[in-house]
Amino acid sequence: MILDICVKVAVGAPDVLGDCPFSQRVLLTLEEKKLPYKIHLINVTDKPQWFLDISPEGKVPVMKLDGKWVTDSDVIVGILEEKFPDPSLKTPPEFASVGSKLFGAFVTFLKSKDANDGSEKALVDELEALDNHLKSHSGPFVAGEKVTAVDLSLAPKLYHLEIVLGHYKTWSVPESLTNVRNYAKALWSRESFEKTKATKEIVVAGWASKVNG
């Protein structure tokens, strides 16, 4: 059985995988579970009608599971874990919220035009919290030696953070946060990540409208 998934297409490249971290999270889950899938690339600025029929809000990712199209990466990943429990990617409940505010802090800082609004400090605080977690738990991943769902959610977000803030703000994760840096490298070096990541150029182009808008 091949699973159908709709994901974002790259800006200006109609047959190349786009830069959506939530889509990549689902693709990472499929890769780690070794599930066969077929990608349907969606131009999110000019959505085809058949796509709006299955996803009225026009959001990706959308995946067909048990004959129904399902939206929201949280929901999709949860269903995949239930239907295909082996290998398990379940995150122990006490670790499920680690890093959960990181993406919001990153986007706020990215869009900030005021150096004194506290958005940079808020992002550094979130990164420090993640660093402290990784330092105080035997890793290399959030829940220990094995990758779980929380890592597959954080991997694309850290990748976007690194590329986008580097490009638009000449900013990078502080050198002192060695645990976060090593954690990101460990995730990005996985075969599943290599297969599902967008190139740096595509990530930069994908965020242009949010930065300039």
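Only one of Gly58, Gly67, Gly118, Gly99 is free of Cβ contacts under 8 Å to residues at least 40 places away in the same chain, within 20 Å of the chain's Cα centre (by Cα) and on the phi > 0 side of the Ramachandran plot. Can you tell me which?
Gly58
Going through Val107, Val173, Val164, Val150 one at a time, which residue ends up being touching a helix residue (DSSP H, G or I) at 6+ places or on another chain (Cβ under 8 Å), in a loop (DSSP other than H, G, I, E, B) and among the β-branched types (Val, Ile, Thr)? Break it down into steps so the answer makes sense when it comes.
Numbers: Val107 fails: in a loop (DSSP other than H, G, I, E, B); Val164 fails: in a loop (DSSP other than H, G, I, E, B); Val150 fails: in a loop (DSSP other than H, G, I, E, B).
Being touching a helix residue (DSSP H, G or I) at 6+ places or on another chain (Cβ under 8 Å), in a loop (DSSP other than H, G, I, E, B) and among the β-branched types (Val, Ile, Thr) holds for just one of Val107, Val173, Val164, Val150, which is Val173.
Would you mind telling me which numbered condition in (1) surrounded by fewer than 12 Cβ atoms within 10 Å (Cβ to Cβ); (2) at pLDDT 95 or above Asp66 fails?
(2)
Which one of these is part of a loop (DSSP other than H, G, I, E, B) and without any contact (Cβ under 8 Å) to a residue 12 or more places away in the chain: Asp74, Asp46?
Testing whether each residue is part of a loop (DSSP other than H, G, I, E, B) and without any contact (Cβ under 8 Å) to a residue 12 or more places away in the chain leaves just Asp46.
Scanning for something in contact with a strand residue (DSSP E or B) (Cβ under 6 Å, 6 or more places away or on another chain), over 30 Å from Val173 (Cβ atoms), in contact (Cβ under 8 Å) with a residue 60 or more places away in the chain and open to solvent by 50 Å² or more (accessible area, probe 1.4 Å), does the stretch 11-28 turn up at least one residue?
no
The values are calculated or read from the model by the stated rules, or taken from the named source; none is laboratory data. Keep in mind that what you see is a predicted model, and the values were worked out from it rather than measured. Backbone-built Cβ (ideal geometry, glycine too); neighbour counts: all protein chains shown. Note: areas computed on protein heavy atoms with side chains; ligands, DNA, RNA excluded. Shrake-Rupley method; radii C 1.70, N 1.55, O 1.52, S 1.80 Å.
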